[in-house]
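Remarks on the structure that follows.
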Amino acid sequence: LDLFSQLPQQLLGIGDYDISDRGTLANLTTTVLVERARESLALEGISLQQALAEGAPSQATLETVGARIGSSDEAVNVALDLGVPSTGREISAYLDGPAWAEYQALRDRFTRLLIGQQVRLDPAVVVGQRAAIAAELESHETDLRATMERDTAAIDSRASRDLMLAVVISLGVLALLAGFLFLLARSIRTSLGRVEHRATTIATVELPSIVAMMRTEGDL
């Protein structure tokens with residue numbers, strides 16, 4: 001009975017979803033990291049626009065810009081180091097491209113400013129570059145979410161399929177067990193019937209015959 005009860009799990013390997021689960025978890029982690037990098041870059045962009053609005057940025061504003069740039073770089077590096085390799089390669093390719101180089105040049109202009117120096121930049125350029133970077137990172141988030149949805153659907157489908165197979169196997173095992181118990185019960189009934197028949201024969205036929213024979217021999 002113990003072997004029968006273990007059969008479905010041995011055949012199916014129920015719960016063996018470790019690889020898919022780890023992959024989904026890695027994609028989820030990468031999505032969060034990319035989202036944080038995008039938010040950090042958005043805050044950086046706000047600080048850049050604030051500096052532009054001041055015209056001649058104060059020391060506090062320039063320090064805020066520098067801190068935001070540092071936070072953004074750290075968030076991007078964390079996403080590259082801890083995210084899934086495929087997304088890391090795509091982001092690295094973007095960072096090596098002309099769009100990021102142009103934005104990096106914009107950053108450099110701010111970080112090299114002296115206090116009170118006039119910023120000569122078109123605000124529309126800053127806004128446009130911010131939008132381009134946000135769109136790039138958002139596209140990676142969308143791809144990761146789509147991948148997670150596919151993985152989750154595949155896991156759900158596999159779990160449903162394995163559950164149905166487990167039910168079928170379990171029903172088969174129960175049917176075999178019921179058949180075995182039926183045969184066992186019939187065999188026991190047959191054996192008991194033979195014993196009962198033999199006992200009846202002894203009590204009603206053989207034993208009276210022996211008693212009669214003994215009486216006859218005693219009379220002789």
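The numbers here are math on the coordinates, done by the rules we state, and not lab data. Everything quoted here is computed from the prediction, not taken from an experiment. So basically every Cβ, Gly included, is an ideal-geometry build from the backbone, and we count neighbours across all protein chains shown.
Spin-label model, A199 to A185: label points 7 Å out along the Cα-to-beta-carbon direction sit 2.1 nm apart.
Hey, got a sec? Which trypsin sites (Lys or Arg not before Pro) in segment 51-112 land in a DSSP loop and have at most 13 other Cβ atoms within 10 Å? Filter output for segment 51-112: R112. If you run the Gaussian network model on the chain, springs between alpha carbon atoms under 10 Å, then out of Q117, Q50, Q129 the most flexible one is Q117.
Read through the labelled values [x] 90, 14, 11; [y] 30, 19, 16; [z] 27, 25, 19 and report the label of the one computed as semi-axes √(5λ) of the Cα gyration tensor in Å from the structure. Given [x] 90, 14, 11; [y] 30, 19, 16; [z] 27, 25, 19, the structure-derived one carries the label [x]. Helix 85-95 axis versus longest C-alpha principal axis of the chain: approximately 10°, rounded to the nearest ten.
Among A53, A203, A132, whose Cα sits farthest toward the positive end of the charge dipole of the chain (+1 at Cβ of Lys/Arg, -1 at Cβ of Asp/Glu, about the Cα centre)? Checked the options; the winner is A203. Modelled this way, with points 7 Å down the Cα-to-C-beta line, the labels at A56 and D156 are 6.1 nm from one another. Considering only L137, L183, L113, give the residue with the highest GNM mean-square fluctuation for the chain, with springs between Cα atoms whenever their separation is below 10 Å. With Cα springs under 10 Å in the chain, the top fluctuation among L137, L183, L113 is at L183.
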